[in-house]
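Report on one structure; see the data block that follows.
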Amino acid sequence: MAALRTLHCPPGCDVCLYGPMSEQTILILNGPNLNLLGTREPAVYGHETLADVEALCREEAARHGLEVEFLQSNHEGTLVDALHAARGTHAGVVFNPGAYTHTSIALADAVSGIELPVIEVHISNVHAREAFRHHSFISPVARSIVIGAGTNGYRLGIAQLAHLLTEE
Ligand code: DHK
């Protein structure tokens with residue numbers, strides 16, 4: 001007799017009573033100036049482009065059986081809209097809000113409002129940089145935070161989100 005699915009069933013499992021587990025989609029959301037990755041201050045942000053980051057996110061997500069929607073915008077309202085749209089359709093969000101991290105109550109309210117696990121990611125170690133980068137409006141409402149791990153931070157954020165999704 002087929003087993004009942006558990007929270008720890010691998011993606012694509014075909015022995016469960018309920019058949020293969022459907023893939024969940026996560027949103028990888030990037031804020032202003034991250035479209036310039038690869039050419040923008042490479043000593044701070046590295047040489048990888050946003051397309052490289054998208055590829056590594058898709059690879060990491062696939063390892064966890066997750067689908068990815070990958071977005072970048074330089075506009076605060078567009079980022080708010082993307083967070084709202086994720087509610088009900090996405091399992092969680094890995095979010096690098098760029099400079100809006102340090103200024104945006106609107107994005108913090110959106111993160112609180114959607115009631116999804118949101119992992120805040122920063123490529124650089126913001127605490128080793130200018131004082132204005134030390135405060136984040138997002139951190140108090142983020143589920144987890146990854147800072148200063150370079151673009152590997154996106155991998156860590158996705159892995160953490162996958163971990164949370166198997167627990168919940
Ligand atoms: C990216 C930015 O664009 C900055 O404004 C933040 C963050 C840091 C990062 O490290 O990914 O201060």
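The values are calculated or read from the model by the stated rules, or taken from the named source; none is laboratory data. Predicted model, so just to flag it, every value in this text is computed and none were measured. Backbone-built Cβ (ideal geometry, glycine too); neighbour counts: all protein chains shown.
Observations
- The one condition from (1) under 16 Å from Q24 (Cα atoms); (2) at pLDDT 95 or above that T151 does not meet is (1).
- Filtered residues of region 22-45 (kept if within 12 Å of the ligand (Cβ to nearest atom) and among the hydroxyl-bearing types (S, T, Y)): Y45
- Of all residues in region 56-104, those being out of contact with any strand residue (DSSP E or B) (no Cβ under 8 Å at 6 or more places or on another chain), touching a residue at least 60 places away in the same chain (Cβ under 8 Å) and within 12 Å of the ligand (Cβ to nearest atom) number 2.
One line per residue, one yes/no per condition, for (1) of a type in the set (F, W, Y); (2) within 17 Å of G31 (Cβ to Cβ); (3) touching a residue at least 12 places away in the same chain (Cβ under 8 Å); (4) more than 10 Å from the ligand (Cβ to nearest atom):
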| site | (1), (2), (3), (4) |
| --- | --- |
| P117 | no, no, yes, yes |
| A131 | no, no, no, yes |
| H135 | no, yes, yes, yes |
| V141 | no, yes, yes, yes |
| L161 | no, no, yes, yes |
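- Total residues in region 118-135, condition over 15 Å from G148 (Cβ atoms) and either in contact with a Ser or Thr (Cβ under 6 Å, 6 or more places away or on another chain) or crowded, with 21+ Cβ neighbours inside 10 Å (or both): 1
- Candidate set: region 23-37, residues that are modelled with pLDDT of 95 or more and surrounded by fewer than 20 Cβ atoms within 10 Å (Cβ to Cβ); chosen: the one nearest to the chain's Cα centre (by Cα): T25
- Condition met for S124 (of a type in the set (S, T, Y) and free of Cβ contacts under 8 Å to residues at least 60 places away in the same chain): no
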